[in-house]
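The values are calculated or read from the model by the stated rules, or taken from the named source; none is laboratory data. Since this is a predicted model, take the numbers as computed values, not measurements. Here the Cβ positions follow ideal geometry from the backbone for every residue, glycine too, while neighbour counts run over all protein chains shown.
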């Protein structure tokens with residue numbers, strides 16, 4: 001792997017990271033309901049999930065998971081169920097609009113719960129694993145590169161993804177007073193919930 005090829009890879013990764021997905025929505029949800037701390041905990045969970053999946057691919061375990069149809073399907077359907085669960089939670093909040101009770105419940109939410117939501121949204125998403133498996137080989141020379149090169153590429157995705165989520169958390173912090181308005185928050189919950197369920201349905205319908 002050369003610096004030139006790594007530079008090309010960085011451009012591609014930045015474009016992928018900026019595209020909104022389940023991880024982005026889960027982070028925004030927790031940043032809104034749990035403040036900056038909630039967003040940071042979700043980002044930390046997503047980072048760990050990304051690092052685990054990247055390590056699996058770098059060490060050759062990712063291909064084994066994909067080839068094992070029962071295991072891959074189990075991960076896929078776990079992702080479907082979890083995304084839909086989070087989506088329906090957000091939609092229920094938008095429907096009820098009783099954010100005083102929701103905020104009281106959110107204040108009692110444990111740090112582990114917010115971290116877990118981020119971690120599970122990433123690690124149960126087989127698209128992350130598929131991305132690594134489809135993209136990394138295009139930037140690696142089987143005859144010249146090692147597992148370390150694959151890990152560097154995989155960890156680049158995880159780190160840049162975490163940096164982007166941190167930027168989002170800081171942006172939410174800056175405008176949180178406006179986002180906390182009942183009408184705005186209900187609209188955000190409705191959009192977030194619909195998008196999360198949509199991601200879950202799309203994942204379920206994939207062949």
Of everything in the range 139-153 that's closer than 13 Å to residue 9 by Cα and more than 23 Å from the chain's Cα centre (by Cα), which residue is modelled with the lowest pLDDT? 140
Only listed residue being at pLDDT below 75 and either part of a helix (DSSP H, G or I) or surrounded by 14 or more Cβ atoms within 10 Å (Cβ to Cβ) (or both), chosen from 87, 62: 62
For the range 8-25, give me each residue that is in contact with a helix residue (DSSP H, G or I) (Cβ under 9 Å, 6 or more places away or on another chain) and either within 13 Å of residue 162 (Cα to Cα) or part of a loop (DSSP other than H, G, I, E, B) (or both). 13, 14, 16, 17, 18, 20, 21, 23, 24
Has the range 35-55 got any residue that is closer than 15 Å to residue 123 by Cβ, at pLDDT below 80, surrounded by fewer than 19 Cβ atoms within 10 Å (Cβ to Cβ) and more than 12 Å from the chain's Cα centre (by Cα)? no
